[in-house]
Amino acid sequence: MAPDPDRKRTITWDDPKPPLAASRELDGLAFLRAMIAGDYPPPPISRLMNFWLVSADPGEAVFECDPGEYHDNPLGMVHGGLACTLLDSAVGCAAHTTLAQGVGYTSIDLNVSYLRPVLSTTGVLRARGRVVKGGQRVIFAEGVLEDAAGRALATATSSLLVLRP
Ligand SMILES: CCCCCCCC(=O)SCCNC(=O)CCNC(=O)[C@H](O)C(C)(C)COP(=O)(O)OP(=O)(O)OC[C@H]1O[C@@H](n2cnc3c(N)ncnc32)[C@H](O)[C@@H]1OP(=O)(O)O
């Protein structure tokens, strides 16, 4: 079945190699703040799903997202994968802010609770990530997805593996 020609988005994105190189040359907080300042482009997934990093502080990171109909599942609400993506991004970047230059990380689990539905009309969403406990090998973090009124829509806990050279 052909898609509705009146419902379309054009997505462009930037070469992810320069920010990848920068991520290896800067400590995590400096790298994320440089991205917020526009020194490096956001990653391709940000363009695809329409979300952006708004702040990075030691142990904390915040993303925003403007949900649209193109995020919908067939059940009349935004697919839960958007909340997962935002929360994974927020807890991951919160962990990254605590890492020295040359130290990497990857999330190894993410447990999401969907408290309230996100609708394409909900308005700008805010995903806050926070480090609960750092560590030499594993960082424990938590996140919350809120609407513009500060109502919690979803929460998450996550573990992130620290990748030392
Ligand atoms: C490609 C094909 C993919 C197909 C698979 C798709 C999988 C998905 O994407 S599912 C989407 C992700 N999941 C969600 O959005 C669930 C969000 N959570 C909820 O809606 C609720 O917590 C729910 C229904 C699970 C439990 O609600 P309940 O225990 O009754 O708690 P309650 O306090 O009464 O309601 C909580 C909120 O849920 C919402 N809600 C509850 N029931 C409903 C309902 N029938 N319709 C719409 N919203 C509802 C309300 O917004 C309510 O918010 P508020 O507190 O502001 O009034």
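None of the figures in this text is laboratory data; all of them are computed from the coordinates on show. Just so it is clear, the model here is predicted, and its values are computed rather than measured. Don't worry about glycine lacking a Cβ; one is built from the backbone with ideal geometry, like all the others, and counts go over all protein chains shown.
When the dipole is taken about the Cα centre of segment 17-163, and only Lys, Arg (+1) and Asp, Glu (-1) are charged at their Cβ, what size is it in debye, to the nearest 20?
That gives segment 17-163 a dipole magnitude of about 260 debye.
If the viscosity is 1.567 mPa s and the temperature 4 °C, what translational diffusion coefficient in µm²/s does Stokes-Einstein give for the chain when Rh comes from Kirkwood over Cα pairs?
79 µm²/s
Could you tally the net charge around residue 78, taking each other residue with its Cβ under 10 Å from the Cβ of residue 78, Lys/Arg +1 and Asp/Glu -1?
-2
What does the net charge come to around residue 106 if you take all other residues with beta carbon closer than 14 Å to its beta carbon, with K and R at +1 and D and E at -1?
Every neighbour counted, the sum reads 0.
Arranged from highest to lowest average of other beta-carbon atoms within 10 Å per residue, in what order do the peptides 102-110, 119-127, 139-147 appear?
139-147, 119-127, 102-110
For residue 133 and residue 11, FRET efficiency with R0 = 35 Å and r from the beta-carbon atoms, rounded to 0.05?
FRET efficiency, residue 11 to residue 133: 0.40.
What ranking do 87-98, 34-45, 49-60 get when scored by the average of other Cβ atoms within 10 Å per residue, highest first?
Peptide ranking by packing, descending: 87-98, 49-60, 34-45.
Quick one: Cα centre-to-centre distance for segment 58-112 and segment 116-165, in angstrom?
Here the answer is 6 Å between Cα centres.
Projecting each Cα onto the charge dipole of segment 45-113 (Lys/Arg +1, Asp/Glu -1 at the beta carbon, about the Cα centre), which of 106, 77, 56 comes out farthest on the positive side?
In segment 45-113, that residue is 106.
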